[in-house]
Amino acid sequence: MMRAESPSLSFGVASPADRSDPSPVSPQAFPVTSLMEGNELDLSARVMDAEGLALVEHSGRVLAFNTHACAHFGIPAPATVEHGRLPGCEWLRSDGTPLPPDEAPLARALAGEQVDAAVWTVLRPDGTRLRLQATAAPVKGGEGQVAAALLRTYAVESRPTVLDTSRLLAEAGALLGASVDAEAQLGPLLKLLVPALGDGALLVLRSPGKDVSVVASLHVDAGRDVLLRELLERYPPDPTLPGGLSHVFVTGAVARLCVMSEEHVTTIARDVEHARLMREVGPHGCLSVPVGARGNVLGALMLLRSNVLHAFDAEEERFLAELAHRTALYLENARLLREAREAVRQRDEFLGIASHELKTPLTPLSLKVQLLQKQVTVLAREGKPVPTERVSETLDVVQRQVRRLSRLVDNLLDVSRISAGRLRLEVEELDLASVAAEILYRFSPAAQQQGTELELHAPVPVVGRWDRLRLEQVVTNLLSNALKYGAGHPVALAVEAHGTTARLTVTDHGIGIAPEDLARIFERFERAVSDRHYGGLGLGLYITRQIVEAFGGTVQAQSEPGQGSTFILELPRGDIPEEWLTAHAAPGPSSESGPD
């Protein structure tokens, strides 16, 4: 407590360091009097819990600046101030614009004006904002002149009321219900949170491929918004690193942390530039809640607050968790709708292709039958016999087209069985080399018509336990695919054994496949080329992959556009006698070599 008889002005608060004049101020040189109370200024008796206190001489020299004032304004205790403006700090109007220097509370008090208690917003040097309840009073000297000004501040917590959160949830529901286009609604959704509940917000989602990306971000400060977007674009969040996201994704629990603090920067910075951007964005408190629905964590909704002195409370956590849950349901419904639309699109496309493919063999079949019928009618009218050659030729065409129709129908049935999980295998001991040779023989007439030379390299039997019908179907699909896209060029089949694995390779020298299409050609109704030039339902390779995986094997394609394609099929040989692994091994060094 400071008394008139005290040798110096002191009251148990932090005094600024590095003063130009470190000598104490005596009460004789500076006899201060409170304008409010009309008596000697008793500072220590008036310091409230967590109250900031600053005493500044009219000359600008700072006589006292306590630790709470340092925390409120985000600065160390200054030695001097100019025109009542604290270093690096701005007092803001309700619309966010800065007050002119002469309208700031401390400047007004130094000018002799009593500033009553009011709530102000202060923009601190690090860019964070804090709401303060502040009063400022002039302090007169012995001759009645303003000798100093006393500024008192107290941090004000601004929490949404129950009515506010109810309104925000209602607005969020209306926004999410206005459209099923998820991407269009996520940005506006964050505007409900900023600045009502925080200075910034992020929505982080995990894609089906398990990649994590920020789908929407917003910050109340335009400059920081640009920095935040640059930071997130150049350094996407990594849920495997410590710092909050991993906790949310792994446990689905709420996480609280201080992001972009120096400790956070040191922990997760990937390089110098990453650290620089985080420091420029500045410290923020973060409340991160899981965006989850139906037992799945889809992502995280993160609310940022630059006022690190104002912690997120339980009510805010409940509100954000409810909003995240509603967002997750919206995203799930949007995903289901997209999948339904895609399924309808694929169905319509498939029906169009299937109609075309089924009609293709029906057309020549119908024409041949009609022609034969007319010929038989004419010959019968004339009393002539029907030539056997004509009937045999027509029946060949009919049989060929019926087989083609049967294959199409069988493919459709196989897709139905696969989708329903009813693909059954009847396993027996087979020689893959013999199966390949038999299929190659069946395709020889068609290959000769196309001018395609077929080659088979199968020096020894390769025995395993497989389903004969399904194994023939796989080899048939791969060979017919090679003949279709490599017509007029050689097609080679190779069968070999590598221990407990059998390998079949089908190589053509046709049009090839683009690298980006290699993975999707094994999906339903997919092709690497237009169906206008090459027929088919786009099911052959899909069915092949499903059968091969049912055997426990793999099938993959290697290709380059214009360089042909190679399909590699690898199958486990199953439970066969060990002598088969040596008795039927290829001769020479190649029998001991592994896969290429």
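The values are calculated or read from the model by the stated rules, or taken from the named source; none is laboratory data. Keep in mind that this is a model prediction, so the values were computed, not measured. Please note: Cβ atoms are built from the backbone with ideal geometry, for glycine as well, and neighbour counts cover all protein chains shown.
Sub-8 Å Cβ pairs linking a first residue in region 360-379 that is without any contact (Cβ under 8 Å) to a residue 24 or more places away in the chain to a second residue that is outside any helix (DSSP H, G or I), at least 6 apart or interchain, are Gln375/Val386; Val376/Val386; Leu379/Pro385; Leu379/Val386, ordered by first then second residue.
Just to be sure before I move on: is Gly552 at positive phi and at pLDDT 85 or above in the structure I sent? In short, yes.
Restricted to region 185-225, and to residues that are more than 18 Å from the chain's Cα centre (by Cα) and basic (Lys, Arg), which residue is farthest from Arg167 (Cα to Cα)?
If we take residues in region 185-225 being more than 18 Å from the chain's Cα centre (by Cα) and basic (Lys, Arg), then Arg224 is farthest from Arg167 (Cα to Cα).
Candidates in region 270-308 are the residues that are acidic (Asp, Glu) and either within 28 Å of Leu123 (Cβ to Cβ) or surrounded by 15 or more Cβ atoms within 10 Å (Cβ to Cβ) (or both); of these, the one that is modelled with the highest pLDDT is Glu273. Of the residues making up region 426-466, those that are within 20 Å of Arg503 (Cβ to Cβ), assigned to a loop (DSSP other than H, G, I, E, B) and out of contact with any His (no Cβ under 6 Å at 6 or more places or on another chain) are Ala458, Pro459, Val462. For Ala482, the test of being outside any helix (DSSP H, G or I) and either assigned by TED's automatic domain parsing to the domain that holds Tyr441 or modelled with pLDDT under 85 (or both) is failed.
Yes/no matrix, rows are residues, columns are (1) buried (at least 20 other Cβ atoms within 10 Å of the Cβ); (2) under 20 Å from the mean Cα position of the chain (by Cα):
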| residue | (1), (2) |
| --- | --- |
| His310 | no, no |
| Phe319 | yes, no |
| His325 | no, yes |
| Glu332 | no, yes |
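Kindly evaluate Val204 against the criterion of being in a loop (DSSP other than H, G, I, E, B), at pLDDT 85 or above and either surrounded by 16 or more Cβ atoms within 10 Å (Cβ to Cβ) or of a type in the set (Val, Ile, Thr) (or both). For Val204, the condition - in a loop (DSSP other than H, G, I, E, B), at pLDDT 85 or above and either surrounded by 16 or more Cβ atoms within 10 Å (Cβ to Cβ) or of a type in the set (Val, Ile, Thr) (or both) - is not met.
Given the criteria in a helix (DSSP H, G or I) and at pLDDT 85 or above, does Leu218 qualify? Taking the combined requirement at face value, the residue does not satisfy it. With a requirement of 1 or more residues that are at pLDDT 85 or above and aromatic (Phe, Trp, Tyr), the strands (runs of 3 or more DSSP E) lying completely within region 109-178 that satisfy it span 115-123, 146-155.
Answer yes or no: is there a residue in region 494-503 that is hydrophobic (A, V, I, L, M, F, W, C), surrounded by 18 or more Cβ atoms within 10 Å (Cβ to Cβ) and within 40 Å of the chain's Cα centre (by Cα).
yes
Inside region 81-133, residues that are among the charged types (D, E, K, R), touching a Leu at 6+ places or on another chain (Cβ under 7 Å) and surrounded by 15 or more Cβ atoms within 10 Å (Cβ to Cβ) make up a count of 3. Condition first: aliphatic (A, V, I, L, M), assigned by TED's automatic domain parsing to the domain that holds Gln563, out of contact with any Phe, Trp or Tyr (no Cβ under 9 Å at 6 or more places or on another chain) and over 19 Å from Thr554 (Cβ atoms). Can you find one or more residues in region 457-464 that meet it? The answer is yes, given that some residue of region 457-464 is aliphatic (A, V, I, L, M), assigned by TED's automatic domain parsing to the domain that holds Gln563, out of contact with any Phe, Trp or Tyr (no Cβ under 9 Å at 6 or more places or on another chain) and over 19 Å from Thr554 (Cβ atoms). Close Cβ contacts (under 7 Å, 6 or more residues apart or on different chains) running from residues in region 273-291 that are assigned by TED's automatic domain parsing to the domain that holds Glu316 and on the phi > 0 side of the Ramachandran plot to residues that are of a type in the set (S, T, N, Q) and not in a strand (DSSP E or B) comprise Gly282/Thr128; Gly282/Ser306. When Gln563, Gln558 are checked against the criterion of being more than 22 Å from Gln473 (Cα to Cα) and modelled with pLDDT of 85 or more, Gln563 stands alone in meeting it.
This table checks each residue for (1) modelled with pLDDT of 80 or more; (2) farther than 30 Å from Leu298 by Cβ.
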site: Arg338; (1), (2): yes, no
site: Ser355; (1), (2): no, yes
site: Val376; (1), (2): yes, yes
site: Thr388; (1), (2): yes, yes
site: Arg404; (1), (2): no, yes
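Beta carbons closer than 7 Å, at least 6 apart along the sequence or on distinct chains, pair a first residue in region 167-180 that is closer than 16 Å to Leu320 by Cβ with a second that is of a type in the set (Asp, Glu) and surrounded by 11 or more Cβ atoms within 10 Å (Cβ to Cβ) for Leu169/Glu322.
If you go through region 56-79, how many residues are farther than 23 Å from Gly282 by Cβ and touching a residue at least 40 places away in the same chain (Cβ under 8 Å)? It would help to see each step written out before you state the result.
Quick first cut of region 56-79, residues farther than 23 Å from Gly282 by Cβ only: 56-64, 66, 79.
Retained after the next criterion (residues that are touching a residue at least 40 places away in the same chain (Cβ under 8 Å)): 56-58, 61-64, 66, 79.
Qualifying residue count, region 56-79: 9.
Tallying residues that are in contact with a His (Cβ under 9 Å, 6 or more places away or on another chain) and farther than 21 Å from Leu193 by Cβ within region 262-288 yields 3.
When Leu469 is tested against the conditions (1) under 19 Å from Arg404 (Cα atoms); (2) assigned to a loop (DSSP other than H, G, I, E, B), the lone failure is (2).
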